[in-house]
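What follows is a short report on a single structure.
The values are calculated or read from the model by the stated rules, or taken from the named source; none is laboratory data. Because the structure is a prediction, the values reported are computed rather than measured. Cβ coordinates were reconstructed from backbone atoms using ideal geometry, including for glycine residues, and neighbour counts include every protein chain displayed. Remember, those area values only see protein heavy atoms, side chains included, never the ligands or the DNA or RNA. Shrake-Rupley method; radii C 1.70, N 1.55, O 1.52, S 1.80 Å.
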Amino acid sequence: MSEKLVTIKEVVLKNNCPECYSNEGLRLTFKQKIIDTRFYKSITSQISHEIDCKICNTVIYPVKWTDDIERVFEYQKKAFVPKKPLTYLKKTSWLAIILAAIVALSLIFLAIYPNL
């Protein structure tokens with residue numbers, strides 16, 4: 001089983017970085033968790049976000065956010081539309097379901113007509 005965070009949306013912010021004071025490097029990234037197993041692939045409702053600066057290669061944690069960054073973050077958070085949580089069954093699951101149904105039908109048939 002693998003769990004990974006997939007980038008859904010990345011927004012360039014025009015605010016000054018609290019570390020290097022550049023106004024061209026801040027990126028707000030929204031990520032959504034995806035679980036991938038042998039039997040299914042599931043898009044969860046778990047969302048994470050991160051602000052980092054591409055100029056100084058620093059993650060900007062909420063403790064260091066200025067009021068301007070916080071306002072822009074709140075706006076972008078409201079505007080963000082995540083992917084719908086869904087679960088997709090893979091071929092392995094469908095084969096297991098079909099095989100179980102065939103076995104169940106065979107047992108029922110043998111129970112009804114035991115002399116065949």
Taking placed amide H atoms and a strict 5 Å upper bound, the residues 5 or more places from Ile8 or on another chain that come that close are Phe30, Lys31, Gln32
Computed on Cα atoms only, the convex hull of the chain has an orientation-averaged projected area in nm² of 10.3 nm²
Once the in-chain neighbours fewer than 8 apart are removed, the lysines whose Cα is under 21 Å from Lys84 read Lys4, Lys9, Lys31, Lys33, Lys41
Note, segment 61-66: 3J(HN,Hα) by Karplus (6.51, -1.76, 1.60, θ = phi - 60°), whole Hz, Gly/Pro = x, goes 7, x, 5, 9, 5, 7
Scalar couplings 3J(HN,Hα) for segment 99-111 by Karplus 6.51 cos²θ - 1.76 cosθ + 1.60 (θ = phi - 60°), nearest whole Hz, x for Gly and Pro, are 5, 5, 5, 5, 5, 4, 5, 5, 5, 5, 4, 5, 6
Under the helix-only model (-39500 (n - 2.57) for each DSSP H run of 4 or more, divided by the residues of the chain), the mean residue ellipticity at 222 nm, to 500 deg cm²/dmol, is -10000 deg cm²/dmol
Taking protein heavy atoms only, a 1.4 Å probe, and rounding to whole percent, the accessible area of segment 23-107 owed to carbon and sulfur comes out at 60 percent
Answer in debye to the nearest 20: the dipole magnitude of segment 10-116 about its Cα centre, from +1 Lys/Arg and -1 Asp/Glu charges placed on Cβ, is 540 debye
Counting every C-alpha pair in segment 4-52, the percent lying more than 17 Å apart is 47 percent
